[in-house]
Amino acid sequence: MARDVKKIALPGDTVAVPEEFLAGKNVYESVDAIKALLTGKVVRDISKREVRVESLASRKIPAVGDLVMGQIEAAQSSSANMKIYYLNGKKVEGGFSAMLFLRDSRAGRGARRTQVKLGDLVRAKVVSTLNGIIQLSIDDAHTGVVFSLCSNCGRPLMRENGRAKCLECGNVEERKFSDDFGRETIEP
Ligand SMILES: [Zn+2]
């Protein structure tokens with residue numbers, strides 16, 4: 001009997017035989033085989049003599065309410081394109097492209113404030129995934145720019161009186177900051 005078990009199982013694939021392993025998560029026992037319930041990675045826990053399948057699809061795609069962190073790739077006055085590198089604190093492979101919609105906090109009163117700029121590291125909340133387009137918001141206190149470089153000299157900006165200031169050249173810039181902007185360690 002072939003004992004070659006694939007590392008990735010499809011639903012219905014045999015992942016072990018009952019004499020060898022107990023059925024764990026996402027598997028079921030048929031007459032002479034333990035089979036995968038869903039597509040995922042086959043994990044054989046020798047110490048517990050248990051075989052299970054870990055879903056590959058779980059939580060890899062941003063959903064509404066998730067917190068993401070990424071970098072601004074293009075910024076216009078009312079929206080920005082962002083590449084997501086962290087999803088709920090965990091690194092994502094490849095990265096997702098998302099749209100960040102910027103609300104004008106001084107609507108109707110002239111000057112439009114700069115909320116994000118190209119290259120900024122931003123934490124944002126997923127507000128919609130309709131039609132596969134990931135839409136983000138930075139309205140909450142814990143969302144917004146977490147790290148930014150001076151557009152004048154390229155040094156990291158520090159926070160001063162609610163604005164971002166470059167301690168090297170004195171350049172002052174506006175952003176919509178996250179509440180932890182300027183901290184030494186930023187949690188994704
Ligand atoms: Zn500077």
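Computing the accessible area with a 1.4 Å probe over protein heavy atoms, can you report the carbon and sulfur percentage for the chain?
Whole-percent figure for carbon plus sulfur exposure: 50.
For the chain, what is the accessible area per residue in Å² when the probe is 1.4 Å?
60
Under a 5 Å amide H to amide H cut-off, with H placed in plane at 1.01 Å, what residues pair with Y85 once short-range neighbours are removed?
Sorted by chain and number, the residues that satisfy this are M69, G70, Q71.
Calculate, in nm to one decimal, what K48 and D32 gain on full extension: separation in residues at 0.36 nm each, minus their alpha carbon distance.
Value of the extension gain: 3.8 nm.
Give a residue-ordered list of calculated ³J(HN,Hα) values for the stretch 42-54 (Karplus: 6.51 cos²θ - 1.76 cosθ + 1.60, θ = phi - 60°; whole Hz; x for Gly, Pro).
The phi angles translate into 7, 10, 10, 8, 5, 5, 9, 6, 10, 10, 9, 10, 9 Hz.
For K60, list the aspartates and glutamates whose Cα falls under 13 Å from its own Cα; do not include residues on the same chain fewer than 8 positions away.
E93
For the residue pair K60 and T39, what label-to-label distance in nm results when each label sits 7 Å from Cα along the Cα-to-beta-carbon direction?
Output for this residue pair reads 0.8 nm.
Using amide H atoms built in the peptide plane, which far-off residues or other-chain residues are under 5 Å from R155 H to H?
C150
What order, most packed first, do the peptides 68-80, 86-98 have when packing is the mean number of other Cβ atoms within 10 Å of each residue?
Ranking the peptides 68-80, 86-98 by packing returns 68-80, 86-98.
What does the charge add up to near D45, with Lys and Arg as +1, Asp and Glu as -1, over the other residues with Cβ less than 15 Å from its Cβ?
Result for the local shell: +4.
Can you work out ³J(HN,Hα) from phi for every residue in the stretch 182-188, in order, using Karplus 6.51 cos²θ - 1.76 cosθ + 1.60 and θ = phi - 60°, giving whole Hz and x for Gly and Pro?
x, 6, 5, 10, 9, 7, x
Multiply the residue gap between E93 and T129 by 0.36 nm, knock off their C-alpha separation, and tell me the result in nm, one decimal place.
Fully extending the segment from E93 to T129 adds 11.1 nm.
The values are calculated or read from the model by the stated rules, or taken from the named source; none is laboratory data. Here the structure is a predicted model, which means the values were calculated and not measured. Note that we place each Cβ from the backbone using ideal geometry, even for glycine, and neighbour counts take in every protein chain shown. Surface accessibility is based on the protein's heavy atoms, side chains included, excluding ligands, DNA and RNA. Shrake-Rupley method; radii C 1.70, N 1.55, O 1.52, S 1.80 Å.
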